[in-house]
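The structure appears right after this line, and notes come after that.
The values are calculated or read from the model by the stated rules, or taken from the named source; none is laboratory data. Given the structure is predicted, the values throughout are model-derived calculations rather than measurements. Cβ placement follows ideal geometry from the backbone for every residue including glycine, while neighbour counts extend to all protein chains displayed.
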Amino acid sequence: MKNYFRFLSLLCASLGLLSIANAQTPLDGLMMPKGEICIALQYDQVSWDRYWEGSTTRVNQNIGTFTKQMGMPMIVGGITDKLNVILSLPYVKTEASAGQLTGVQGIQDFGLSLKALLLEKSIGKGKLTGFSNLSFSMPASNYLSDYMPFSLGFGANELGIRAIGKYELDKGPYLRASYSYLHRGVTEAERDFYYAGQNAYYTAKMDVPNAFLGQVTLGSWMFKKKLRVEASLTAIKSTSGDDIRVYSMPQPTNKVDFDRVEGFAQYYFKTNGGFGLIASYQKAISGRNMGQFSGYGLGITYQFKAF
Amino acid sequence: MKKYNYSILLLVMFAFLGSSCVEDLPTKYEFTGYQFSNLDANAGQWKLVLHTSNEQIPLPTPAAPGSAELLKELADAKEMQNKATSAQLEAVSYWTNNPLLRWNEIALELATKYNLIPAPNPDGSYPVPDPANPSKYPKFPYSHPPYTSRMLAYLSVAQYDGLIMAWHYKYKFKRQASYQLDPQIKSAYENNGLFSYPSDGAVVATASRDILTAMFPLEKEFLAQKAQEHLESLLVAGINVASDVNAGKLIGAEVAKTALARASTDGMKNAQTTRVKSDSIKNAAKIRFGWAWENQETPQRTVGLVPLFSKVRLWNVPNVEAIRPGPPPAPGSPVFEESAKELKQYANNLTTNQRRIANFWNDGLNTYTPPGHWNRFAKEEVVANKLNPVRTARVFAYLNMAIVDAGIGCWDAKYYYHYPRPIQTIPGFKTILGTPNFPAYTSGHASFSGAAAEVMAHFFPANASQFRTWAEEAAMSRVYGGIHYQFDADAGLTQGRQAASFAITKAKLDGVD
């Protein structure tokens, strides 16, 4: 079996008002064989100059253009041919081009994910595969989540469970779909009183809404499986949460929804390991309590047989 | 082997989901009715704030025990208690036997709800809330710190005067509570033995409803529903009969009227000025001192927040000059440069604890503001000390009079000195807190907190040092946050303490603290 691998999905950089940045690799439809390790370094940058306050568009000249950059080292390893482990630790930097509020930078969330191949079946001139994934992430520094939009992340643990299905023609094109449930815990603010959804809360704990994530991807292998290109549509919907109040600051309790289109390409210099390059572009097309972001990503990967 | 892997995955997954259910987060202060530490039998003689006599609002003599009239009321109350729905019982436990605390909490929640700064119009101008058309954006009121401090003072003073009168009549008529008159009626709270005519709960419900309705006109229905629920709970709880409640309502409505009459002429409606007036205030400072504060937002807010709040009628401080500090150091002077250097150092090396302090005390937009923060402390202190309702009202009245007086004095200094904020004087300076739309000197947080801490120290001397530490922390929080100089904080604390001293002097006349 060829070592077709991939560790960073286009979803890596879901950046904006709320970061849902890590543990997204689990979404792709590829497995690393036993003993293979892949190291990746990914850089993403997204920016916005408008945001959705609730579902209406707001421009705030005291923010100007908001930019979020992320550098993320990542390791993917094949425990068995059918079970992979993925580790990630992003470094995030935020800033605004206008206004007086200072940006922040630092280590965001540590991500750990297990992906299992559950189904592999030849059908017609192609192959159907099914995966399941379990991911966990937790803040890896004491960054303040209650400093949005600048905060590095939402500051809570997240457990994700996913189902992924893929049908790939032997000639190269494939269709992939996935559905995820993201269960988030509470984050700790540095104030013990806040207002959310018509209620005053007398606690520093803020409930970060859970979310569903759906994704459909059309992709294809090209040039003897040295190049892979994909186009995706992703939708995230929070299951609860409140809207940003009029001309007010966002906060971790907000209901964050968005739909996003992405383009993605990965080039492998060799077909059985070694270096690879990733390039991606993403853009939000609709949303709620979220920056109207667009941005790109670049990555370099290196794969080798470890055991 | 494969099967084994997947079952581990599933197990971990369910274990996590099962253990991570989010707890219910508190939306109110959790406390229950309690045994009062004492009943203050002489509270009817305490000095009223807005009224001249404790019989200024006449009450009918209540029906005597054993009278047909009272027996009928007792029978009705008993029936209400027996037929109480679960919602009514829930209300009884929510309101407690010191319901002023709940009304104060509701006031803070409304202050928070309405504490949103107007967004710019498309042409770059800013709209202003219109009390004559409160539902038009931006909704009236914009419950900023000066507005909230004033609102809390009227609420607390009306409650206090009403309860002093209620206490006077309670001990004049000495009518026993329904649970004492009829053994089949059970008190939902501790049997405090407090006389029940007039109902102190009804005084508080009615006065609070009326004051808050005037302060937050769009909440009229919400407040009426709250008051209705509260009044009904007094009967269900087994502590009042209908005539107790009616007498309480009479007092509550009248004290609110007196308080609102004062409010309507206290100068608040002129506090937010026109551009022309605002510019003339700024130019006066420029001529006098050589500097002037300018709002740094885009688009610029050309009028600061309530430039004439300084003209609002004071409660205990004789005039704003009595607590006006000397001038701040001129920008560019050695003292100023020292302070600016310190701000840059904080910005570059803020410790975790300093950041926590800055955020804990931020109390900015979309919060209950620093006056609200101190009211919350007072509420917790009242419960910890098991104060009775009139003693509770006393704490809040003097606290909130001192706080608003400090605020009025602070706003006088702000616009008299018109001192620029750090983001205006220090090139390229960035902060972790939003800089408010008014001049720097003196710090509002420091002034409000200096006043509040002293009043709290007077009423709760055992915790005096804790309150003063909090005030100093609140003052420093603005320096850590990069929006005030050290000298703003220092002068603000002093100013607040001075404002409090006038309130405390008056409180001492009763000789009961």
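Of note:
- The range B:424-443, residues that are surrounded by fewer than 21 Cβ atoms within 10 Å (Cβ to Cβ) and either of a type in the set (Val, Ile, Thr) or not in a loop (DSSP other than H, G, I, E, B) (or both): B:GLN424, B:THR425, B:ILE426
- Number of positions in the range B:88-122 that are assigned to a helix (DSSP H, G or I) and facing chain A (nearest Cβ under 10 Å): 8
- Taking every residue in the range B:359-384 that is among the hydroxyl-bearing types (Ser, Thr, Tyr) and pairing it with any residue that is crowded, with 19+ Cβ neighbours inside 10 Å, at least 6 positions away or on another chain, the pairs with Cβ-Cβ distances below 6 Å are B:THR367/B:THR112; B:TYR368/B:LEU108; B:TYR368/B:ALA111; B:TYR368/B:THR112; B:THR369/B:PRO145; B:THR369/B:THR148; B:THR369/B:ASP363.
- Residue, farthest from the chain's Cα centre (by Cα), within the range A:115-172, restricted to residues that are of a type in the set (Asp, Glu) and under 30 Å from B:GLN354 (Cβ atoms): A:ASP146
- The single residue among B:ALA384, B:ALA378 that is among the small types (Gly, Ala, Ser), in contact with a Phe, Trp or Tyr (Cβ under 7 Å, 6 or more places away or on another chain) and at pLDDT 95 or above turns out to be B:ALA378.
- Set side by side, the residues A:ALA98, A:ALA116 differ, and just one is within 14 Å of another protein chain (Cβ to nearest Cβ) and closer than 30 Å to A:ALA177 by Cβ, which is A:ALA116.
Residue by residue, here is whether (1) surrounded by fewer than 24 Cβ atoms within 10 Å (Cβ to Cβ); (2) assigned to a loop (DSSP other than H, G, I, E, B); (3) free of Cβ contacts under 8 Å to residues at least 24 places away in the same chain holds:
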residue: B:GLY124; (1), (2), (3): yes, yes, no
residue: B:PRO129; (1), (2), (3): yes, yes, yes
residue: B:TYR142; (1), (2), (3): yes, yes, no
residue: B:ALA153; (1), (2), (3): no, no, no
residue: B:ALA158; (1), (2), (3): no, no, no
residue: B:ALA166; (1), (2), (3): no, no, no
residue: B:LYS170; (1), (2), (3): no, no, no
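- Those residues of the range A:35-65 which are within 14 Å of another protein chain (Cβ to nearest Cβ) and part of a strand (DSSP E or B), in sequence order: A:TYR51, A:GLU53, A:THR56, A:THR57, A:ARG58
This table checks each residue for (1) of a type in the set (A, V, I, L, M, F, W, C); (2) farther than 24 Å from B:SER86 by Cα; (3) in a loop (DSSP other than H, G, I, E, B).
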| residue | (1), (2), (3) |
| --- | --- |
| B:GLY193 | no, yes, yes |
| B:SER208 | no, yes, no |
| B:ILE211 | yes, yes, no |
| B:LEU234 | yes, no, no |
| B:ALA247 | yes, yes, no |
| B:GLY252 | no, yes, no |
| B:ALA256 | yes, yes, no |
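- Residue ID - nearest to B:LEU433 (Cα to Cα), chosen from residues in the range A:156-172 that are within 14 Å of chain B (Cβ to nearest Cβ) and without any contact (Cβ under 8 Å) to a residue 60 or more places away in the chain: A:ASN157
Residues are listed down the side, and each one gets a yes or a no for (1) free of Cβ contacts under 8 Å to residues at least 60 places away in the same chain; (2) closer than 26 Å to A:GLY219 by Cα:
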{"position": "A:PHE131", "(1), (2)": "no, yes"}
{"position": "A:SER137", "(1), (2)": "no, no"}
{"position": "A:ALA140", "(1), (2)": "yes, no"}
{"position": "A:TYR143", "(1), (2)": "yes, no"}
{"position": "A:MET148", "(1), (2)": "no, no"}
{"position": "A:PHE154", "(1), (2)": "no, no"}
{"position": "A:TYR174", "(1), (2)": "no, yes"}
{"position": "A:LEU182", "(1), (2)": "no, yes"}
